[in-house]
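Q: The structure follows.
The values are calculated or read from the model by the stated rules, or taken from the named source; none is laboratory data. What you see is a predicted model, and the numbers here were worked out from it, not measured in a lab. Cβ sites come from the backbone with ideal geometry, for glycine too, and all protein chains shown count toward neighbours. Please note that ligands, DNA and RNA were not included when accessible areas were found on the heavy atoms of the full protein model with its side chains. Shrake-Rupley method; radii C 1.70, N 1.55, O 1.52, S 1.80 Å.
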Amino acid sequence: METLTLNIPPAVGLTDEQFYQLCIANDEWRIELTAAGELIIMPPTGGESGIRNSDLNLQVGLWNRQTKLGKVFDSSTEFRLPNGAFRSPDVAWVKTERWEALTSEQRRRFPPMCPDFVIELRSATDSLKTLRAKMQEYRDNGVRLGWLIDPQTPLVEIYRPGVEVETINFSVEQPPQLSGEDVLPGFVLDLSLIMNP
């Protein structure tokens with residue numbers, strides 16, 4: 001199955017509560033809502049993407065367990081961005097201070113914030129153009145560092161506020177290592193583990 005996009009007319013709209021209940025009632029699907037009112041229904045990922053996503057979360061999670069600087073989220077977590085969109089990055093990280101500033105109700109539901117760090121991993125059913133737009137949306141909403149990893153091309157795009165997107169093309173045999181820079185201090189992602197699931 002491919003990604004399905006439904007247009008929700010402004011006259012119909014969805015409140016935050018209605019969108020939350022829609023997601024709960026259809027928990028077998030990954031559902032996002034764009035700021036323009038498009039409801040995006042994504043199929044489950046295949047085996048290789050699942051392995052890659054799991055390893056990405058593991059690597060960020062192990063770094064965070066050692067540093068205790070924030071909270072790590074997987075792709076089942078939906079964030080309500082400042083522009084009103086609801087998005088689920090494959091990996092997300094939020095500084096502890098920002099997370100603790102939320103109420104317990106906000107933490108239980110869809111956190112109303114843009115993560116400090118996100119990773120989007122392109123799967124076989126993902127459009128690169130759509131993922132690039134999503135990464136730009138994260139950047140426009142306050143993400144401090146974002147990585148778009150495309151095993152198919154293969155390439156990595158690095159998104160930072162206020163600067164052009166950095167593109168790294170590479171071979172599967174010699175993938176780069178990515179630095180968490182000052183957002184995830186000391187974190188280095190070894191892409192060789194991701195490229196060869």
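Q: Please determine whether any residue of the stretch 79-94 is without any contact (Cβ under 8 Å) to a residue 40 or more places away in the chain, open to solvent by 60 Å² or more (accessible area, probe 1.4 Å), on the phi < 0 side of the Ramachandran plot and not aliphatic (A, V, I, L, M).
A: Within the stretch 79-94, none of the residues are without any contact (Cβ under 8 Å) to a residue 40 or more places away in the chain, open to solvent by 60 Å² or more (accessible area, probe 1.4 Å), on the phi < 0 side of the Ramachandran plot and not aliphatic (A, V, I, L, M).
Q: Can you spot a residue in the stretch 59-70 that is within 23 Å of Leu178 (Cα to Cα) and part of a strand (DSSP E or B)?
A: Yes, the stretch 59-70 has at least one match.
Q: Find the residue count for the stretch 17-40, including only residues that are open to solvent by 70 Å² or more (accessible area, probe 1.4 Å), in contact with a strand residue (DSSP E or B) (Cβ under 9 Å, 6 or more places away or on another chain) and either among the hydroxyl-bearing types (Ser, Thr, Tyr) or within 13 Å of Glu78 (Cβ to Cβ) (or both).
A: Residues in the stretch 17-40 being open to solvent by 70 Å² or more (accessible area, probe 1.4 Å), in contact with a strand residue (DSSP E or B) (Cβ under 9 Å, 6 or more places away or on another chain) and either among the hydroxyl-bearing types (Ser, Thr, Tyr) or within 13 Å of Glu78 (Cβ to Cβ) (or both): 1 in total.
Q: Same structure, new question: For Glu105, are the conditions met, namely being closer than 26 Å to Thr15 by Cα, among the acidic types (Asp, Glu), assigned to a helix (DSSP H, G or I) and free of Cβ contacts under 8 Å to residues at least 40 places away in the same chain?
A: On the way: closer than 26 Å to Thr15 by Cα: yes; among the acidic types (Asp, Glu): yes; assigned to a helix (DSSP H, G or I): yes; free of Cβ contacts under 8 Å to residues at least 40 places away in the same chain: yes.
So Glu105 fits the description; yes.
Q: Determine whether Pro112 is in contact with a helix residue (DSSP H, G or I) (Cβ under 7 Å, 6 or more places away or on another chain), surrounded by fewer than 20 Cβ atoms within 10 Å (Cβ to Cβ), over 25 Å from Gly47 (Cα atoms) and modelled with pLDDT of 95 or more.
A: Numbers: in contact with a helix residue (DSSP H, G or I) (Cβ under 7 Å, 6 or more places away or on another chain): yes; surrounded by fewer than 20 Cβ atoms within 10 Å (Cβ to Cβ): yes; over 25 Å from Gly47 (Cα atoms): yes; modelled with pLDDT of 95 or more: yes.
The answer is yes for Pro112.
Q: Here is a further query. List the number of the failed condition for Val183; all other conditions in (1) touching an Asp or Glu at 6+ places or on another chain (Cβ under 8 Å); (2) open to solvent by 50 Å² or more (accessible area, probe 1.4 Å) hold.
A: (2)
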